Amino acid sequence: MVEREQLIEIVVSVGAVFLMLAAMIAIGSTYGTENSTLSPEGGQMLIGVIVGFIILMAAVGIGLAYTLNDPEDGLETNDDDDNGDAKGTF
């Protein structure tokens, strides 16, 4: 069975991909020409959508990392313990 956190990651990622595909289809239908090519303005819009998708996926990844990080996972650092690690050494 798929865990809750993994299901959230899948749904958010697939949603972002569908959003990009919808934007690409909208640009293609709006800025497409008669001979199935894209106009120069459409090409610029398509590049903007691709860059926006990269930024969106980075933000989604960071947001999911903070949202789904449980304190009991041990991923946080604790500066109060003296466990003999090599902090501050060369």
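The values are calculated or read from the model by the stated rules, or taken from the named source; none is laboratory data. Quick caveat: nothing in here was measured; it's all calculated off a predicted structure. Cβ placement follows ideal geometry from the backbone for every residue including glycine, while neighbour counts extend to all protein chains displayed. Ligands, DNA and RNA are excluded from the accessible area calculation, which covers all protein heavy atoms including side chains. Shrake-Rupley method; radii C 1.70, N 1.55, O 1.52, S 1.80 Å.
Residues that are open to solvent by 80 Å² or more (accessible area, probe 1.4 Å) and at pLDDT 90 or above are absent from segment 64-81 altogether.
Residues that are touching a helix residue (DSSP H, G or I) at 6+ places or on another chain (Cβ under 8 Å), over 16 Å from residue 64 (Cβ atoms), open to solvent by less than 60 Å² (accessible area, probe 1.4 Å) and part of a helix (DSSP H, G or I) do not occur anywhere in segment 33-40. The set of residues in segment 5-52 being modelled with pLDDT of 95 or more and of a type in the set (Phe, Trp, Tyr) consists of 18 alone.
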